[in-house]
Amino acid sequence: SDEVYEAAVRYLFRNAKLASSLALTPQEFWARFARLLELAGNPHLDVRVVHLAGTNGKGTASVLCDAMLRAAGASVGLFTSPHVHSFRERIRVDGRMATKGDIVRSLERLRPHFESLGVDLTPFEKVTLLALDVFRWRRVRWAVLETGLGGLWDCTNHVPAPVVVGLCRVGMDHMAVLGNTVEQIAREKAGIIKARVPAFTVPQVEGAGSVLRARAEEVGAPLAQVSLESPLLAAAVARSSQVHPRGAPAGADAGKVAEAWEALPPWLQPEHQRLNLALALALVESALARASPDDFGHPVPPPSGTEPAPSTAARAQAAGAGGGLAVGATILDAALATRWPGRLEGVIVPAGRAGQSPHLVAFDCAHNEDAVRALMTHLSRGGGFGQGSGRPATAPGAASALHMTVHSMRPTRLTLVFGVNRDKDAATMLSLIADFARAHAEAEPPRQGKPRLVEVQLVASRHPKCLDPAALARTAREIAPDVPWREAGPVAAALDAATGFAGAGQGTPSTVGAGSSVAIPAPLGGGGENGTGHRNGLLNVPATLFLGSIFVVAEARERLAATHPACLPPDDFAFARLEEPNILLSAAS
């Protein structure tokens with residue numbers, strides 16, 4: 001029942017502040033989790049693991065790996081953290097969230113082991129073991145595991161011999177736990193590199209890169225670095241161009257030839273995301289090359305409502321001669337069709353009443369220095385946002401327009417909405433935002449294809465660790481008094497202001513559905529439909545971008561789901577949040 005599920009989730013997160021365990025050393029945490037694994041029958045030994053660590057990008061790389069492995073015919077468990085909306089996002093089986101029944105039954109099996117230790121375990125210890133137990137009982141063959149914090153002492157690092165490991169971008173975050181230099185942080189992340197296990201990394205700053213290379217040499221692991229010239233990445237770009245041909249973005253300089261990578265889904269177009277895609281492709285190619293035919297397919301019928309199991313013939317074709325699998329069109333299509341909410345995501349909100357204009361609402365979970373820098377760079381280069389899906393909707397009318405795949409939605413006027421927690425380096429992020437604001441101030445002459453900043457709104461999520469907007473504003477004005485900062489209060493209010501929502505019956509979008517007509521403006525500088533159902537860009541739409549803490553993005557998306565449900569796909573995780581316990585689940589990542 002829902003009540004039993006709610007009680008299970010509350011038990012898992014009852015000590016989310018972690019106060020009872022702060023005195024333990026990493027080695028003591030490690031030994032304690034090793035004992036838990038033993039009590040539970042070592043479920044981490046039952047799966048073939050793709051293991052990822054890094055400061056930024058590991059969630060993106062993880063979901064891409066999951067999608068591609070499933071496309072190859074494998075049964076896959078995915079473990080990521082934190083979640084955006086629903087706790088069950090963290091634990092997925094064959095592309096779907098674990099069921100409430102999965103969570104309840106797993107906790108029933110594990111709770112005696114948790115309590116036999118006589119201590120109050122951290123949420124991450126409980127949830128990691130829960131995920132591994134769900135994967136065992138759902139009998140998945142593969143698991144894509146994202147580290148929670150660091151790598152060396154992480155609960156996920158007890159896997160003795162993963163099939164392959166990946167290192168995403170290492171930067172400055174969680175310094176209180178991992179260290180105050182990029183080298184110290186990289187040393188923790190490098191802990192997932194194992195002897196004789198292939199390892200891949202994106203390009204790193206030199207301090208981090210040298211640490212990763214030293215670790216690989218020390219343990220005897222082959223380490224390769226992916227690049228923007230990766231043949232697999234080129235294949236993905238070519239495949240995307242073949243399936244969804246696009247021209248140069250609308251509003252681009254006359255005679256501009258589209259960059260090849262502009263064929264990718266918008267959320268994968270920025271340089272840092274292309275590198276994450278290149279990493280995921282390399283990981284999957286390596287994993288499948290080492291796989292056997294027995295590693296593919298669902299060993300038991302999937303539960304009702306999930307995707308059907310691949311046929312025996314399909315599994316044999318996927319495995320190929322000698323058991324290896326090349327990354328072909330089917331696998332590339334799976335990567336290109338992947339959705340990852342809150343990452344360069346854009347949603348067009350139609351005009352709610354006469355006199356209003358459509359509005360682009362965008363979301364990006366840029367919550368540390370490197371992530372904010374990458375996002376500001378993307379925007380400065382005229383980059384935009386997209387739905388994050390390679391599958392155009394087939395429903396008629398508004399649903400088709402709102403859920404369509406676009407080249408990139410690029411606004412002319414942009415408002416930033418920023419909020420962050422107290423444990424983050426807010427000053428550095430505000431400085432990066434200020435640099436962008438000055439370069440794109442409304443007073444500056446307009447530049448074709450580049451946004452002009454209206455203001456930066458400072459907000460607070462409901463998270464108890466959130467930084468008060470007044471405190472954020474004081475820091476921001478000390479850093480850049482010339483930037484238009486504004487204290488905007490709660491996230492929901494900022495979302496309502498952006499969408500023009502003024503309460504039930506006034507601009508409420510529940511009337512917008514299949515068969516309705518929605519006015520989507522044509523791009524500046526010509527363009528419009530290019531004959532494939534994709535638009536080259538939307539430049540004359542004002543935009544509001546919610547960035548910073550994942551809790552800010554989550555609250556904004558949940559408010560959008562409540563006030564404008566037609567603007568999100570019906571299976572979006574934001575709707576699942578309505579079925580979750582009213583508890584701060586993400587206090588522990």
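The values are calculated or read from the model by the stated rules, or taken from the named source; none is laboratory data. Since the model is a prediction, treat every value here as computed from it, not as a measurement. A quick note on method: Cβ atoms are made from the backbone with ideal geometry, for glycine too, and the neighbour counts reach across all protein chains shown. Quick note on the areas: whole protein, heavy atoms, side chains included, nothing else; ligands and nucleic acids left out. Shrake-Rupley method; radii C 1.70, N 1.55, O 1.52, S 1.80 Å.
Details
- Residue that is modelled with pLDDT under 95, within 21 Å of His44 (Cβ to Cβ) and either open to solvent by less than 10 Å² (accessible area, probe 1.4 Å) or not in a strand (DSSP E or B) (or both), where the choices are Gly148, Gly171: Gly148
- Selected residue (criterion: most open to solvent (accessible area, probe 1.4 Å)) from residues of the stretch 81-109 that are of a type in the set (A, V, I, L, M) and touching a Gly at 6+ places or on another chain (Cβ under 6 Å): Val84
- Within the stretch 191-217, residues that are farther than 22 Å from Gln273 by Cα and in a helix (DSSP H, G or I) have Cβ atoms under 6 Å from residues that are open to solvent by 40 Å² or more (accessible area, probe 1.4 Å) and among the hydrophobic types (A, V, I, L, M, F, W, C) in these pairs: Gly191/Leu152; Ala216/Leu223, counting only partners at least 6 apart in sequence or on another chain.
- Some residue of the stretch 178-197 being at pLDDT 95 or above, open to solvent by 40 Å² or more (accessible area, probe 1.4 Å) and of a type outside the set (A, V, I, L, M, F, W, C): yes
- Contact map, the stretch 402-423: residues that are over 17 Å from Ala493 (Cα atoms) paired with residues that are at pLDDT 75 or above and among the hydroxyl-bearing types (Ser, Thr, Tyr), Cβ distance under 6 Å, separation 6+ or inter-chain. Pairs shown: Asn421/Ser549.
- The number of residues in the stretch 64-79 that are within 12 Å of the chain's Cα centre (by Cα) and surrounded by fewer than 24 Cβ atoms within 10 Å (Cβ to Cβ) comes to 0.
- Tallying residues that are more than 15 Å from Ala234 (Cβ to Cβ) and open to solvent by 10 Å² or more (accessible area, probe 1.4 Å) within the stretch 277-290 yields 3.
- Qualifying residue in the stretch 118-127 (condition: open to solvent by 20 Å² or more (accessible area, probe 1.4 Å) and closer than 30 Å to Ala374 by Cα): yes
- Taking the conditions (1) in contact (Cβ under 8 Å) with a residue 12 or more places away in the chain; (2) surrounded by fewer than 19 Cβ atoms within 10 Å (Cβ to Cβ) in turn, Pro112 satisfies each one other than (1).
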